[in-house]
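To start, the structure itself, in structure tokens.
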Amino acid sequence: MVEIVIKGYENGPYEISVNGEVLYHLCRCGYSQNKPYCDGSHRKMGFQAKAFELKVNK
Ligand code: FES
């Protein structure tokens, strides 16, 4: 069984975890200079988005 969790942080990136291990923080604001990864630019750009969590078990 593999558990994949995709979290969207409030006003921040996507976090991708597999079986409890955080693998990536991916940009969802569009301002990162290191796409597809978050580089923290969302903070200074004032990005706003709601938090969510999606779990998939395969
Ligand atoms: S979400 Fe962090 S730089 Fe885009």
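If packing is taken as the mean number of other Cβ atoms within 10 Å per residue, what is the order of 15-22, 28-35, highest first?
The packing order, highest mean first, is 28-35, 15-22.
Check cross-link reach from residue 35 to the lysines: straight Cα distance under 27 Å, and skip same-chain residues fewer than eight apart.
Residue 35 reaches 7, 44, 50, 55.
Determine the dipole magnitude for the stretch 3-57: charges of +1 sit on the beta-carbon of Lys and Arg, -1 on that of Asp and Glu, nothing else is charged, the reference point is the Cα centre, and the result goes in debye to the nearest 20.
260 debye
How many percent of the accessible area of the chain is carbon or sulfur, using a 1.4 Å probe?
Of all accessible area on the chain, carbon and sulfur atoms account for 51 percent.
How large is the accessible surface per residue of the chain, computed with a 1.4 Å probe and reported in Å² as a whole number?
So the chain comes to 73 Å² accessible per residue, rounded to a whole number.
The values are calculated or read from the model by the stated rules, or taken from the named source; none is laboratory data. Keep in mind the model is a prediction, meaning the values are calculated, not measured. Every residue, glycine as well, gets a Cβ built from its backbone with ideal geometry; the counts of neighbours run over all protein chains shown. The accessibility values were calculated without ligands, DNA or RNA, using every heavy atom of the protein model including side chains. Shrake-Rupley method; radii C 1.70, N 1.55, O 1.52, S 1.80 Å.
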